[in-house]
Amino acid sequence: MLFMIESYMIRAGSRYLRRCFSKNVATKDSQEIILQPHDNFTSVRRKSLKIAILGAPNAGKSTLVNQLIKRSICPASSKVHTTQTKADAIYCENDTQLIFMDTPGMVSAKELKRYKLADTFRNDPKVSLATADIVGIVQDAQNMYTRDKINPNILALLTENIINKIPMILIFNKVDKLKKKEVLLQLVNIMIKNSKSLKFSDIFMVSALTGDGTDDLRTYLLDSAKPRDWQYEGHIYSNYKCEDIIQQTVRAKLMDILPNEVPYNLKIILEHFDTGADDNIMAVVTVSCPKKNIARLLIRRNINKLVGNRIKQVAVMAEQELRHAFRTPVRLRLIVQSPT
Ligand SMILES: Nc1nc2c(ncn2[C@@H]2O[C@H](COP(=O)(O)OP(=O)(O)OP(=O)(O)O)[C@@H](O)[C@H]2O)c(=O)[nH]1
Ligand SMILES: [Mg+2]
């Protein structure tokens, strides 16, 4: 056991140090170099890997997936329960395809009932595990209350389903928030002691927000891919339609900008979606508010802010995110609907 701890410490520690001192090597844009199904290079052997991303609510799972695939297609916000259903996010590099399964944050049966969450919160992590080649558990290194133990809901799920049948990696996220980086080595040590039943093949320390350490993680996953055909064609990067991604992104930005429970009660409806001649995207989205005062909150002018009002601010933020998702200009019109 002691040997194992030391070996983990050294591997995790050296990775962290290597990252601190080495320059990031820019990888080629995957979309430029992937082989399309009609290409004649039949001698190239394709590889793929399916990665189930699990973690507590708000651990940074979606931000991490976006960073790993280099597109913002998974909605992320500062509030919990942003991701409501499993989403496949796909990244291709040379002959290898990585399929990340982003999942809703793990909750207990009690929380499911109390917050009236959809069944997907309970089912989707399990569904993802069933098809995964590897599981990545995302741990919020900033959260002092939870960072040194695996979330009990995740532990129960893993114990019930796959324990040690498929490889698992532990990913400490939000390391940019740690003032003393030595804390990470202590965390690794405690984690291994506390979760004896789980064997991690490797431990990573990343900041999904800044991208620190994520190139290493991506390379590790590319190297772990198995020889087999790709599940998705090379140009596909999500199992969701553009329209769904737009709707979810607007919802996430509203979650960022509105206080407390307010954004959870809004209805977001895509009214119109169009792609222009240059693949530019134009969309119109209605935000339907359950109460007049919420509609007022969205359209009231922001004093001392550069952008007019909250809804305009949401539109600007969502457009920016969607441009990064689709790599094309996006024009978004948001309409606030108030009850009569
Ligand atoms: N400082 C910092 N913040 C991060 C990092 N990763 C994610 N965040 C922030 O953490 C918040 C939650 O991120 P998400 O990616 O939505 O987290 P999630 O685990 O997908 O959350 P749910 O889908 O609600 O379970 C957002 O405000 C992110 O900007 C990180 O590495 N550093
Ligand atoms: Mg999420």
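The values are calculated or read from the model by the stated rules, or taken from the named source; none is laboratory data. No experiment lies behind these values; they were computed from the predicted model shown. FYI the Cβ positions are ideal-geometry reconstructions off the backbone, even for glycines, and counts take in every protein chain you see.
Take the range 46-75 and flag every residue that is among the charged types (D, E, K, R) and within 6 Å of ligand 1 (Cβ to nearest atom).
Of the range 46-75, the ones among the charged types (D, E, K, R) are 46-47, 50, 61, 70-71.
Listed by number, the list holds a single entry, 61.
Please go through (1) away from ligand 1 (no atom under 16 Å from the Cβ); (2) under 30 Å from residue 271 (Cα atoms); (3) surrounded by fewer than 19 Cβ atoms within 10 Å (Cβ to Cβ); (4) within 18 Å of the chain's Cα centre (by Cα) for residue 237 and return the number of the only condition it doesn't satisfy.
(3)
Can residue 95 be described as acidic (Asp, Glu), more than 26 Å from residue 244 (Cβ to Cβ) and more than 16 Å from ligand 1 (Cβ to nearest atom)?
Numbers: acidic (Asp, Glu): yes; more than 26 Å from residue 244 (Cβ to Cβ): yes; more than 16 Å from ligand 1 (Cβ to nearest atom): yes.
So residue 95 fits the description; yes.
Filtering the range 198-223 down to residues that are in a loop (DSSP other than H, G, I, E, B) and without any contact (Cβ under 8 Å) to a residue 40 or more places away in the chain, which residue is nearest to residue 162 (Cα to Cα)?
So, considering only residues that are in a loop (DSSP other than H, G, I, E, B) and without any contact (Cβ under 8 Å) to a residue 40 or more places away in the chain, the one nearest to residue 162 (Cα to Cα) is 199.
Quick one: is residue 271 closer than 16 Å to residue 246 by Cα, buried (at least 19 other Cβ atoms within 10 Å of the Cβ) and in contact with a Ser or Thr (Cβ under 9 Å, 6 or more places away or on another chain)? Quick ask: steps written out before the conclusion?
Details: closer than 16 Å to residue 246 by Cα: yes; buried (at least 19 other Cβ atoms within 10 Å of the Cβ): no; in contact with a Ser or Thr (Cβ under 9 Å, 6 or more places away or on another chain): yes.
In short, no.
Among the residues that make up the range 167-189, is at least one of them among the β-branched types (Val, Ile, Thr), surrounded by fewer than 20 Cβ atoms within 10 Å (Cβ to Cβ), in the same structural domain as residue 54 (by TED's automatic domain parsing) and at pLDDT below 90?
Start the filter on the range 167-189 by keeping residues that are among the β-branched types (Val, Ile, Thr), which leaves 169, 171, 175, 183, 188.
Cutting the leftovers down to surrounded by fewer than 20 Cβ atoms within 10 Å (Cβ to Cβ) gives us 169, 183.
With the extra rule that they be in the same structural domain as residue 54 (by TED's automatic domain parsing), the set shrinks to 169, 183.
With at pLDDT below 90 added as a condition, the list becomes none.
No; the residues of the range 167-189 include none that is among the β-branched types (Val, Ile, Thr), surrounded by fewer than 20 Cβ atoms within 10 Å (Cβ to Cβ), in the same structural domain as residue 54 (by TED's automatic domain parsing) and at pLDDT below 90.
Take the residues in the range 161-197 that are part of a loop (DSSP other than H, G, I, E, B) and not charged (D, E, K, R), then tell me which one is nearest to residue 145 (Cα to Cα).
The first filter runs over the range 161-197 and keeps only residues part of a loop (DSSP other than H, G, I, E, B), leaving 162-167, 174, 178-181, 195-197.
Remaining after also requiring not charged (D, E, K, R): 162-164, 166-167, 178, 195, 197.
Values: 162: 26, 163: 25, 164: 26, 166: 28, 167: 26, 178: 14, 195: 16, 197: 21 Å.
Among those that are part of a loop (DSSP other than H, G, I, E, B) and not charged (D, E, K, R), it is 178.
So which residues in the range 91-142 are in contact (Cβ under 8 Å) with a residue 40 or more places away in the chain and of a type in the set (S, T, N, Q), if there are any at all?
Listed by number, the residues that qualify are 94, 96, 97, 103, 108, 128, 131, 139.
Looking at this structure, is residue 45 surrounded by fewer than 19 Cβ atoms within 10 Å (Cβ to Cβ), modelled with pLDDT of 50 or more and more than 30 Å from residue 268 (Cα to Cα)?
Working: surrounded by fewer than 19 Cβ atoms within 10 Å (Cβ to Cβ): yes; modelled with pLDDT of 50 or more: yes; more than 30 Å from residue 268 (Cα to Cα): yes.
So residue 45 fits the description; yes.
Those residues that are surrounded by 20 or more Cβ atoms within 10 Å (Cβ to Cβ) and in a helix (DSSP H, G or I), I need them from the range 127-143; list them, please.
Across the range 127-143, the qualifying residues are 128, 129.
Looking at this structure, is residue 109 within 23 Å of residue 224 (Cβ to Cβ) and aliphatic (A, V, I, L, M)? Please lay out each step first, then the result.
Working: within 23 Å of residue 224 (Cβ to Cβ): no; aliphatic (A, V, I, L, M): yes.
So residue 109 fails the test.
Being within 9 Å of ligand 2 (Cβ to nearest atom), among the hydrophobic types (A, V, I, L, M, F, W, C) and under 21 Å from residue 122 (Cβ atoms) is the filter here, so list the residues in the range 54-79 that pass it.
59, 65, 74
One residue is enough: does the range 144-160 have a residue meeting the conditions touching a Phe, Trp or Tyr at 6+ places or on another chain (Cβ under 9 Å), in a loop (DSSP other than H, G, I, E, B) and either within 16 Å of ligand 1 (Cβ to nearest atom) or touching a residue at least 12 places away in the same chain (Cβ under 8 Å) (or both)?
Kept after step one, since they are touching a Phe, Trp or Tyr at 6+ places or on another chain (Cβ under 9 Å), are these residues of the range 144-160: 147.
Those left that are additionally in a loop (DSSP other than H, G, I, E, B): 147.
From the residues that got through so far, the ones that are either within 16 Å of ligand 1 (Cβ to nearest atom) or touching a residue at least 12 places away in the same chain (Cβ under 8 Å) (or both) too are 147.
The answer is yes, given that some residue of the range 144-160 is touching a Phe, Trp or Tyr at 6+ places or on another chain (Cβ under 9 Å), in a loop (DSSP other than H, G, I, E, B) and either within 16 Å of ligand 1 (Cβ to nearest atom) or touching a residue at least 12 places away in the same chain (Cβ under 8 Å) (or both).
For residue 78, are the conditions met, namely being outside the structural domain of residue 251 (by TED's automatic domain parsing), within 11 Å of ligand 1 (Cβ to nearest atom), in contact (Cβ under 8 Å) with a residue 60 or more places away in the chain and surrounded by fewer than 18 Cβ atoms within 10 Å (Cβ to Cβ)? Full working, then the answer.
Details: outside the structural domain of residue 251 (by TED's automatic domain parsing): yes; within 11 Å of ligand 1 (Cβ to nearest atom): yes; in contact (Cβ under 8 Å) with a residue 60 or more places away in the chain: yes; surrounded by fewer than 18 Cβ atoms within 10 Å (Cβ to Cβ): yes.
Yes; evaluated as a whole, the condition is true for this residue.
Are any of the residues in the range 279-286 without any contact (Cβ under 8 Å) to a residue 24 or more places away in the chain and in the same structural domain as residue 326 (by TED's automatic domain parsing)? Full working, then the answer.
So the first thing to find is which residues in the range 279-286 are without any contact (Cβ under 8 Å) to a residue 24 or more places away in the chain, and the list is none.
The answer is no; no qualifying residue exists.
So which residues in the range 99-126 are outside any loop (DSSP other than H, G, I, E, B), within 16 Å of ligand 2 (Cβ to nearest atom) and hydrophobic (A, V, I, L, M, F, W, C), if there are any at all?
Listed by number, the residues that qualify are 100, 101, 121.
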